[in-house]
Amino acid sequence: MKTRVLMVCLGNICRSPLAEGILKSKVDSSKVFVDSAGTGSWHIGSEPDSRSIATAKRYDLDITDQRGRQFSKKDFEDFDFIFTMDNSNFKDVMSLAETDEDRQKVHLILEEIFPSENVDVPDPYHGGEQGFENVYQMLNEACEIIAEKLEKGTL
């Protein structure tokens, strides 16, 4: 059975689509399924932000087939690991968790790089291109660690 990983941000058009695309590029798709979602409903059905698409493309990643969707309680059943992009997303996802098992699935993604520091991936939506590049670099580093842990079974 595949390990299932979900990336979550606010709108599911900037950070989590990048995280999804990056992690997909680092894992064996026959062993790991990766998806993304947003805590908000504004961008359901939308493709990722054009700046996220352009940033991904610079690294030979195509995220244009992704479509925004909203996180739901069912995601706790459907996914083994849920990585949130910031503390606000973390709180929103945790507020929907009903069991300890649900809560144990939820992690801040940058905890992989900065353990116990509660570091947020900044939302690049209202900024320029450099913000998207910075987000890509952070997520790439975190996803490299996640991919290694998934491969070793230590996540």
Can you work out the accessible area per residue across the chain, with the rest of the protein chains kept in place, probe 1.4 Å, in square angstrom? 50
Phi-derived 3J(HN,Hα) across region 99-114 with the Karplus relation (6.51, -1.76, 1.60, θ = phi - 60°), rounded Hz, x for Gly and Pro, is 10, 4, 4, 4, 4, 5, 7, 9, 9, 6, 4, 6, 4, 5, 9, 10
Within the chain, which is the longest segment that contains none of the trypsin sites (Lys or Arg not before Pro) sitting in a DSSP loop with at most 14 other Cβ atoms within 10 Å? 74-155
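Is any helix in the chain, taking whole DSSP H runs, at least 18 angstrom long along its axis by alpha carbon and on average at least -1.0 on the Kyte-Doolittle scale, and which ones?
Values: long enough: 129-152 (35 Å, -0.54).
Counting only whole DSSP H runs, the qualifying helices are 129-152.
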Which entry in (i) 15.2; (ii) 16.0; (iii) 16.6 is this structure's computed Kirkwood radius over Cα pairs in Å? (i)
Excluding same-chain residues fewer than 8 positions from Lys91, which aspartates and glutamates have a Cα within less than 17 Å of its Cα? Asp75, Asp100, Glu101, Asp102, Glu111, Glu117, Asp120, Asp123
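Taking the Cα centre of the chain as origin, work out the dipole magnitude from +1 charges on Lys and Arg Cβ and -1 charges on Asp and Glu Cβ, in debye rounded to 20.
300
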Of all accessible surface on region 21-155 at a 1.4 Å probe, what whole percent is carbon and sulfur? 47
Exposure rule at most 15 other beta-carbon atoms within 10 Å, DSSP loop GluC sites (Glu not before Pro): the chain longest free segment: 1-97
Phe33's amide H: which non-local residues (gap 5+, or another chain) put their own amide H closer than 5 Å, with H modeled 1.01 Å from N in plane and none for Pro or chain starts? Thr3, Arg4, Val5
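The values are calculated or read from the model by the stated rules, or taken from the named source; none is laboratory data. Source: prediction; values computed, not measured. Heads up, the Cβs are rebuilt from the backbone with ideal geometry, glycines too, and the neighbour counts pull from every protein chain shown. Each accessible area value is taken on the protein alone, full model and side chains, heavy atoms only, with ligands, DNA and RNA left out. Shrake-Rupley method; radii C 1.70, N 1.55, O 1.52, S 1.80 Å.
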